[in-house]
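Okay, structure first, notes after.
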Amino acid sequence: ERGGNNSFTHEALTLKYKLDNQFELVFVVGFQKILTLTYVDKLIDDVHRLFRDKYRTEIQQRSALSLLNGTFDFQNDFLRLLREAEESSKIRAPTTMKKFEDSEKAKKPVRSMIETRGEKPKEKAKNSKKKGAKKESSDGPLATSKAVPAEKSGLAVGPENGVELSKEELIRRKREEFIQKHGRGLEKSSKSMKSDAPKEKGKKAPRVWALGGCANKEILDYSTPTTNGAPEDAPPEDISLIRGTGPGGQLQDLDCSSSDDEVAAQNTTKPSATKGTLGGMFGMLKGLVGSKSLSREDMESVLDKMRDHLIAKNVAADIAVQLCESVANKLEGKVMGTFSTVTSTVKQALQESLVQILQPQRRVDMLRDIMDAQRHQRPYVVTFCGVNGVGKSTNLAKISFWLLENGFSVLIAACDTFRAGAVEQLRTHTRRLSALHPPEKHAGRTMVQLFEKGYGKDAAGIAMEAIAFARNQGFDVVLVDTAGRMQDNAPLMTALAKLITVNTPDLVLFVGEALVGNEAVDQLVKFNRALADHSMAQTPRLIDGIVLTKFDTIDDKVGAAISMTYITSKPIVFVGTGQTYCDLRSLNAKAVVAALMKA
């Protein structure tokens, strides 16, 4: 469902499914993956339609779950539908080329296609009659009535004159007759209506543009919108994601009022001004009460606005389209709740989907895993990877400070042997962290240390030596810093895959910045693909989690978090929110979705 697909492949089998949200049914068809069956979609649609119609009353009387223990006499119907679907997909014989006798041209008489010298003067005479009729009509209004019969006689060319007209020519000429007969009368009537209308002094009402919302303010007043009787005129509180305070208020609704008006116009008749406030109130209630199931047409305009809103919030365009498609599949056929609009229903479903995406399928708890590694008397190894300039070394130092605050000793492995100044940067961070946690405060134990071998060396070998050193010296955690590399650089990606395959770290973190949009998807997809392609192991090691940096620079454009977790289904373990060691947060899914949905 996350990818917007309705199929699933497991080993040699492929499963396709279709949802019936109205009756809470799922129809699944399975077949071998190597087979190319073109009739699968038709088969599942036919089975869905026939089964629903045949057992509609039973499903409505009892819930769908209560029918699981029962049996359905559907075997013969299924075999018949399968046979019909197979026969419809058989390769048909190639159609023969159409003969001239079967064409439209052959149906025309030969005389209508032959041009002779005798017909040219007739055509000229017709044209001269037309010109004369135009001159007469321009002389005065009385001349038009006399010109029309003459013109009719000039245009009435039929079998009696020796020329048969085609259907298209006959329609065109009749259209010309109608325009010449009624055109001037319409123009005169419109002019007389304009001249007879009294000129009003001043502006009676302000101009209402096409996209300006409701035009009749006397009947519908949206100045104080309410939901279930409670006013919503309180301004929303600020959402502070940087300092970890979480969501602090209600969200502003998206500007989808025009979509609501369109749906209400389809469901209710337009109340007239004479009905007064009572008719307007009943009209609004009729539009709000859930009395119909949602269809794609009802949700289309709302989903378009939702998609554009997500893209404006920095969500990748492809993922925004897939999210809206998933919400449409989830809501199609469902009956709307009482006092709910299409916009509120779609928005609520989208919010639930976004929160579900941001909540990880497998939670990464580093502190628990580190304590488990301590019981086995081995160091816990974390490898950082990512493109250039996203903040790998800085956030590695932040995570080191967080681990030191929790009482774990850290060994930093300087495996970035390519970038100038990379080792010196980590040396400075180690010195500052040692000053914050000196050995005197920890019974003479060294809490943080840098393992370095200089520049130009093999990164995988340095990481291996650092892990062995940490095991001998009793360090709890090894943080491996790697060189930044673009996802398209094959030699550097091969070296990274080698480092991960040889040393088998406990956690592989991808460091990505929150400023990117579509680029986030490209980076993660190609990093995972490169790790899989260049790995020497039978089951390659891929990215386990994400560190999202520079989160304090994007305001409420938090779409990169959705894009990264959607494409990998991996959790965001840490969020970098500033320049100090304390600016490290865990992700608050509801706060991110609140900022994302804010107008």
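The values are calculated or read from the model by the stated rules, or taken from the named source; none is laboratory data. Only a predicted model underlies this, so the values are computations on that prediction, with no experimental measurement involved. Methodologically, a virtual Cβ is constructed for each residue, glycine included, from the backbone with ideal geometry; neighbour enumeration extends over all protein chains shown. SASA here: full protein model, heavy atoms, side chains in, ligands and nucleic acids out. Shrake-Rupley method; radii C 1.70, N 1.55, O 1.52, S 1.80 Å.
Rounded to the nearest 5, the antiparallel percentage of DSSP beta bridges internal to the stretch 469-599 is 20%.
Quantify, in whole percent, the carbon and sulfur part of the accessible surface of the stretch 391-501 (1.4 Å probe; protein heavy atoms only).
The computed percentage sits at 55.
The Cβ shell under 13 Å around residue 553 holds other residues with a net charge of -3, Lys and Arg each +1, Asp and Glu each -1. In order along the stretch 501-517, phi translates into HN-Hα couplings of 5, 6, 9, 6, x, 6, 8, 10, 10, 8, 9, x, 8, 7, 7, 7, x Hz, rounded to whole numbers, per the Karplus curve 6.51 cos²θ - 1.76 cosθ + 1.60 with θ = phi - 60° and x for Gly and Pro. Do any of 16/54; 16/550; 54/347; 392/557; 498/570; 398/457 go past 30 Å between their Cα atoms, and which? Exceeds cut-off: 16/550; 54/347.
Which percent of the Cα-Cα distances in the stretch 7-90 go past 15 Å? Here the long-distance tail beyond 15 Å is 63 percent of all Cα pairs in the stretch 7-90. In terms of the mean number of neighbouring beta-carbon atoms within 10 Å, the peptides 503-512, 451-460 order highest first as 503-512, 451-460.
Remark: relative contact order (the stretch 293-358) = 46 percent; criterion is Cα-Cα distance under 8 angstrom and separation of 6 or more residues.
The DSSP beta bridges internal to the stretch 366-597 are antiparallel in roughly 5% of cases.
For the peptides 538-547, 379-388, 13-22, the ranking by mean Cβ contacts within 10 Å, running from highest to lowest, is 379-388, 538-547, 13-22.
Remark: the stretch 293-358 carries a charge dipole of roughly 200 debye about the Cα centre, counting +1 on each Lys and Arg Cβ and -1 on each Asp and Glu Cβ.
The amide H of residue 511, built 1.01 Å from its N in the peptide plane, has 385, 386, 547 as neighbours under 5 Å, considering only residues 5 or more places off or on other chains.
Note on the stretch 305-447: dipole from Cβ charges, positive end direction compared against 348, 335, 425; the farthest Cα belongs to 425.
Remark on residue 380: its backbone amide H falls under 5 Å from those of 477, 478, a criterion applied only to residues 5 or more positions apart or on other chains, H modelled at 1.01 Å from N. With the dipole of the stretch 480-599 worked out from charges on the C-beta (+1 for Lys and Arg, -1 for Asp and Glu) around the Cα centre, which of 515, 573, 482 lies farthest toward the positive end? In the stretch 480-599, that residue is 573.
Across the stretch 301-308, coupling constants 3J(HN,Hα) worked out from phi with the 6.51/-1.76/1.60 Karplus curve, θ = phi - 60°, read 5, 5, 5, 4, 5, 4, 5, 4 Hz, and Gly and Pro carry x. For the stretch 293-358, the Kirkwood radius over C-alpha pairs fed into Stokes-Einstein at 37 °C and 0.692 mPa s yields D = 274 µm² per second. Each peptide in 525-537, 471-483 receives the mean, over its residues, of other Cβ atoms within 10 Å, and ordering these scores from highest gives 471-483, 525-537. Just to confirm my numbers, what's the Cα centroid distance between the stretch 576-599 and the stretch 319-355 in Å? The two parts, judged by their Cα centres, are 25 Å apart.
Computed from the alpha carbon positions, the gyration tensor of the stretch 474-563 leads to an equivalent ellipsoid with semi-axes of 25, 17, 11 Å, biggest first.
If you sort the three axes of the alpha carbon gyration tensor as a ≥ b ≥ c, you get a/c of 1.5 or more for the stretch 366-597 and a/b no higher than b/c, which makes it oblate. Near residue 451, the amide H atoms lying under 5 Å from its own belong to 412, 413, 414; only residues 5 or more places off or on other chains count, and H is placed 1.01 Å from N.
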